[in-house]
1. Whole angstrom only: what separates the Cα centroid of the stretch 67-101 from the Cα centroid of the stretch 158-193?
2. Only counting other Cβ atoms within 10 Å, I'd like Val96, Val70 sorted with the fewest neighbours first.
3. Mind sorting Glu135, Glu203, Glu104, Glu157 by how few other Cβ atoms lie within 10 Å of their own Cβ, fewest first?
4. According to the square roots a ≥ b ≥ c of the eigenvalues of the Cα gyration tensor, what is the shape class of the stretch 56-111, taking rounded for a/c under 1.5, prolate for a/b larger than b/c otherwise, and oblate for the remainder?
5. Could you give me the ³J(HN,Hα) list for the stretch 163-168, computed from phi with Karplus coefficients 6.51, -1.76, 1.60 and θ = phi - 60°, whole Hz, x at Gly and Pro?
6. Kindly put Glu40, Glu230 in sequence by how many other C-beta atoms sit within 10 Å of each C-beta, fewest to most.
7. Karplus couplings for the stretch 42-48 from phi (6.51 cos²θ - 1.76 cosθ + 1.60, θ = phi - 60°), rounded to Hz, Gly and Pro as x?
Amino acid sequence: MKVQFPNNDFRLTNNKLTKNTKNIIPNLDTLSLEVYNDKEFAQSYSNKIEYNSHNALYERPATLSLLPNVTGKKVLDAGCGPGKYSEWLVNKGADVTAIDYSDEMIKLAEEKVGISARVLKANLNLPLEQLKDEEFDVVISSMVIHYIKDWQLLFSEFNRVLKMNGVLVFSTDHPVAMCSLYPDGNYFETELISEEWKSYGIEMSSYKRPLSEIFRTLKECDFRIDEVLEPMPVAECRENFLMHMKSCRDSLGSFASEQLKRNNI
Ligand SMILES: C[S@@+](CC[C@H](N)C(=O)[O-])C[C@H]1O[C@@H](n2cnc3c(N)ncnc32)[C@H](O)[C@@H]1O
């Protein structure tokens, strides 16, 4: 069962002390590609995130709240999916480049943003060769990085393509919530996990890793953490979220559902 509470959202500034990614061996993982490249799934994902509780009313408001003013800024949407964030950014007057490794997601993103954004196929497990050094003011990556095993290359590449004092905003599954789902796993290890996304009828794999590793990698890749959110659902979301939580309560175990109850959600 997909637990959709809570996520973590991070806002960081890069210090640009290093930007050498040449010695990092890329990981050729294509985790999740089969699912994201399935035409039916991609369309269904695109439709659902327009209105659903997790993306539209919980994750997106929190992630967008961390963005600086993007008007006139060069923004990279890394793992753009069907282009919802890119569309938002274009509407705010940003100069957007969107990348993803799924052809189906790229098609949907292109349909959404037309010629208002540059949409490219790129794998975040590899060096982002189509992107120049210090090309972007902002990188946003929403609900993507838990599909990537090797964060050294990923964050070093984000650092390379960002200007000095550029901003990186990302959201990801909260490690404690993910761990509470896998009592047999080891919180302190980076582990491949798999969950059923019931509303899509699919099995989704991703990596969970401890908070200490997240912070260590960000520091090693020269990012300075400005803000970390553990967001609550917005008011509009509470009713939907409550129904969702009730339906998952059994598999949630005690942690996330107790936290929601204690916070009157
Ligand atoms: C959960 S979706 C999020 C889409 C979008 N960021 C959003 O929040 O609406 C994850 C996206 O990450 C992409 N993705 C996963 N691993 C990737 C990789 N190694 N390189 C590029 N894209 C990747 C998938 O194809 C998918 O479109």
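1. Answer, in whole Å: 21.
2. On the way: Val96 29, Val70 22.
So the residues, fewest neighbours to most, are Val70, Val96.
3. Details: Glu135 17, Glu203 10, Glu104 20, Glu157 24.
Neighbour counts put them in this order, fewest first: Glu203, Glu135, Glu104, Glu157.
4. Details: a/c = 2.09, a/b = 1.31, b/c = 1.59.
Taking the square roots of the gyration eigenvalues as a ≥ b ≥ c, the stretch 56-111 is oblate.
5. Couplings: 5, 4, 6, x, 10, 10 Hz.
6. Values: Glu40 11, Glu230 14.
The fewest-first ordering by Cβ neighbours comes to Glu40, Glu230.
7. Taking θ as phi minus 60°, the curve returns 4, 5, 5, 4, 4, 5, 5 Hz for the stretch 42-48.
Rule-based calculations on the coordinates, nothing more; no lab input. The model shown is predicted, which means the values in this text are computed figures rather than measured ones. Positions of Cβ are generated from backbone atoms using ideal geometry, with glycine treated the same way; all protein chains shown enter the neighbour counts.
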